[in-house]
């Protein structure tokens, strides 16, 4: 009986490890998710207070993206032309979906938030902007 329980437990642990490993996103997918998250944060901006709060979150997301940029660039270089085009099409699709949200914030002058203006214009640090695959 103990052998059966032990075998079942080991099988369950192995299945859980496999499931967790298969759910983990690749670095290019993580970077794309970060971009999507930024647009979701932007959608929640309705006033100065929420704009300042969003700026902090966007700074954090850009920092995460900055850490992934170099490895994503390397992975893109190793992709086949078909894979690269497919990924770049997804990136452009995400950017185009989010552009109206970003434009609306700029039209509203970011609700007066200088922090949000900085976050959206990418003036966090020049290294991030020059290395971004976006």
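Values quoted throughout were computed directly from the atomic coordinates according to the rules given, and no laboratory measurement underlies them. Because the structure is predicted, anything quoted here is derived from the model rather than measured. We place every Cβ from the backbone using ideal geometry, glycine too, and count neighbours over all the protein chains shown.
Between residue 77 and residue 47, how high is the FRET efficiency from 1/(1 + (r/R0)^6) when r is the Cβ-Cβ distance and R₀ = 30 Å? Nearest 0.05.
0.10
Distance between the modelled labels on residue 86 and residue 40, one decimal in nanometres: 2.4 nm (7 Å Cα→Cβ projection).
Taking the number of Cβ atoms within 10 Å of each Cβ as an exposure proxy, the fewest-first ranking of 42, 79, 96 is 96, 79, 42. Maximal additional length on extending the residue 103-residue 30 stretch stands at 23.9 nm, based on 0.36 nm per residue less the C-alpha distance.
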